[in-house]
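> Can you keep this structure in mind? I'll have questions shortly.
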Amino acid sequence: MATSTESSATASLGTATKACAACAHYKPTSEANGECRRHSPQTVVFQVDEQTRFESRFPSIKATDWCGEFFAKS
């Protein structure tokens, strides 16, 4: 949850209306979080036991995040 300081900073930057939750590329996964579908999934490499595994994932983001590639939902 955003603090009042974070909310004020976001509002003063004019990003409140351009939050990820209002973007066409946002896919919610929960009430407060989602995935950015602007670009293809990124490959994540991790090790489990003795094996190296690869998995493709979209970036996990908060609904209140924002970036410079916002595209309003129609």
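Coordinate-derived values only; no laboratory data. Everything numeric in this text was worked out from a predicted model, so none of it was measured. Quick reminder, even Gly has a Cβ in these numbers, built from the backbone with ideal geometry, and neighbours come from all protein chains shown.
> Determine the sum of side-chain charges near PHE58: Lys and Arg each +1, Asp and Glu each -1, restricted to other residues whose C-beta is under 10 angstrom from that of PHE58. If you can, show how the numbers build up before the last one.
Working: positive: LYS27, ARG37, ARG38, ARG57; negative: GLU35.
Once positives and negatives cancel, what remains is +3.
> State the extension gain, in nm to one decimal, for the chain segment bounded by THR29 and GLN51, taking 0.36 nm per residue of separation less the distance between their alpha-carbons.
Length difference between fully extended and current span is 5.1 nm.
> Please state, rounded to one decimal and in Å, the Kirkwood hydrodynamic radius that the stretch 20-65 gives when every pair of distinct Cα atoms enters the mean of 1/r.
It works out to 11.6 Å.
> Based on the mean of other Cβ atoms within 10 Å per residue, sort peptides 33-42, 49-58 so the most packed one is first.
Sorting 33-42, 49-58 by mean packing, highest first, produces 33-42, 49-58.
> Right, here's the next one. For every other residue with a beta carbon closer than 10 angstrom to the beta carbon of PHE71, add +1 if it is Lys or Arg and -1 if Asp or Glu, then tell me the sum.
Details: positive: LYS18, ARG38, LYS73; negative: GLU69.
Summing Lys and Arg as +1 and Asp and Glu as -1 gives +2.
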